[in-house]
Amino acid sequence: MSKDTQQSEEVDLGQLFKMISNMFDKLFKFIGSILNRLFLAFVWLVFFIKKHFIKLVIAGTLGTGLSVLLEKTSDPVYKSYVTIKQNYNTGENLYNSIIYYNDLVKQGDVGTLETVLEIKPEEAASILDFNMESVISKNQKLQEYDKYLKTLDTTVAKTVEYKTFLGNSEDYHHQYQQITIKAKERNNFKTVFDKIIANINSNAYFKREQEKDLRELKDQALAISEALIMSDTLLDVYQKAIVKSAENDNEFQSKIKISSNMEETSSTKEFELYNKSIELKQELVDIEREIADKEHIIEITSSKQDSGSIDNKKELLGISVSGKVFYGIIFTGLTFFVLLGLQFIKYLEQFKDKV
């Protein structure tokens, strides 16, 4: 009975291995057929391009020629930009302001745009577009992600992925932003940028927050300054006491003892007071730097030509390219897809008798 059972198990295992082998054979054949079809499609595409190569080259040349013609006959577009630093959470407010200005441009509401930006009518009429984007590298985003994780509980932090963090964070929250203006004329872009910044700096809410922060920081600086005066006074008293003690006792020894293995240290009160004084001075420097930052709600850190520069770039799949390259690729791509469509229709005509 046991031999029959053993033989039955061997048969079952043999069938199982055979089944697994057949499954792998089918899988490999399926993958092989896909790769074969992809290779055949690639070969067909190569010969298709070879067949219509002259047509594609002519299309690209026509696109480049059209770009040159447009550059000579069309009015130039001028662009200028500034990089700003946000010392408060002004990002959403600034972003909404840029959207509002763009809406006025699209609606052709020159009068309102002239009023809100306090510029001349001809300058307002020449503006084509406003844009705002963050100035931050991938490494800086990773640093912000790491900083954000440290604010969370360990268990929660493990559930927050980098992609989720990026999806939930808005670009306008980053401290450094770049504002770009495009116009048909060489306007005085500096006037427009200054007014955009001034509108944010005059916001009542941010001004109240600024006043509260500056008051608190100045109070802290005053308290530290007073503590430093007291510390210096006490330190002077200790130093005089040490000198007097040394004059009266020739065998006077310092109370500072440092062990050879640096594991145990003891210091005199004046040394501890001296170290504390250094800490307070550094803290005072940090507060003064923070006060300097808070003096401006938002400020311009760099600018690109107040009168603007000619912008002949085009956006293609998120990449900025020259007009010649842009129109050359567009004309070549359109020609390619038209030829491909005609080829597909010709292929379908083989089956029209079967319909």
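The values are calculated or read from the model by the stated rules, or taken from the named source; none is laboratory data. Owing to the predicted nature of the structure, the values given are computational and were not obtained by experimental measurement. Positions of Cβ are backbone-derived with ideal geometry, glycine not excepted, and every protein chain shown enters the neighbour counts.
Values for this structure:
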read-out	value
Qualifying residue in the stretch 174-188 (condition: of a type in the set (S, T, Y) and touching a Leu at 6+ places or on another chain (Cβ under 7 Å))	no
Extreme residue, surrounded by the fewest Cβ atoms within 10 Å (Cβ to Cβ), among residues of the stretch 73-105 that are closer than 24 Å to Y205 by Cα and among the charged types (D, E, K, R)	E92
Near pairs, Cβ below 6 angstrom, 6+ apart or cross-chain, from the stretch 62-89 (in contact (Cβ under 8 Å) with a residue 24 or more places away in the chain and part of a strand (DSSP E or B)) to any residue that is among the small types (G, A, S) and loosely packed, with under 14 Cβ neighbours inside 10 Å	T83/S302
Test for K244: is it of a type outside the set (D, E) and at pLDDT below 75	yes
Out of Q220, Q143, Q177, Q210, sole residue that is farther than 30 Å from V105 by Cβ and buried (at least 17 other Cβ atoms within 10 Å of the Cβ)	Q210
Test result for F165, out of contact with any helix residue (DSSP H, G or I) (no Cβ under 6 Å at 6 or more places or on another chain) and aromatic (F, W, Y)	no
Residues of the stretch 216-238 satisfying the condition of being among the polar types (S, T, N, Q) and modelled with pLDDT of 80 or more	Q220, S225
Meets criteria (modelled with pLDDT of 90 or more and over 21 Å from H296 (Cβ atoms)) for I127	no
Hey, A183 touching a helix residue (DSSP H, G or I) at 6+ places or on another chain (Cβ under 9 Å), touching a residue at least 60 places away in the same chain (Cβ under 8 Å) and among the hydrophobic types (A, V, I, L, M, F, W, C) or not	yes
Among residues of the stretch 205-235, those that are in contact with a helix residue (DSSP H, G or I) (Cβ under 8 Å, 6 or more places away or on another chain), more than 28 Å from N87 (Cα to Cα) and not acidic (D, E), counted	5
One residue from F206, F193 being in contact with a Phe, Trp or Tyr (Cβ under 7 Å, 6 or more places away or on another chain), at pLDDT 85 or above and hydrophobic (A, V, I, L, M, F, W, C)	F206
Top-ranked residue of the stretch 317-355 - restricted to ones that are among the aliphatic types (A, V, I, L, M), modelled with pLDDT under 80 and within 19 Å of T64 (Cβ to Cβ), ranked as surrounded by the fewest Cβ atoms within 10 Å (Cβ to Cβ)	L317
Selection count, the stretch 180-207, where residues are surrounded by fewer than 12 Cβ atoms within 10 Å (Cβ to Cβ), of a type in the set (G, A, S) and assigned to a helix (DSSP H, G or I)	1
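Results for (1) surrounded by 10 or more Cβ atoms within 10 Å (Cβ to Cβ); (2) modelled with pLDDT of 65 or more; (3) more than 30 Å from K190 (Cα to Cα), shown as yes or no for each residue.
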residue	(1), (2), (3)
K240	yes, yes, yes
N250	no, no, yes
S266	yes, no, yes
K281	yes, yes, yes
I300	yes, yes, no
S303	yes, yes, no
S309	yes, yes, no
E315	no, yes, no
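Residue-by-condition table, conditions (1) among the hydrophobic types (A, V, I, L, M, F, W, C); (2) more than 30 Å from Y78 (Cβ to Cβ); (3) touching a strand residue (DSSP E or B) at 6+ places or on another chain (Cβ under 6 Å):
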| position | (1), (2), (3) |
| --- | --- |
| N96 | no, no, no |
| I99 | yes, no, no |
| E114 | no, no, no |
| N139 | no, yes, no |
| E144 | no, yes, no |
| K150 | no, yes, no |
| F165 | yes, yes, no |
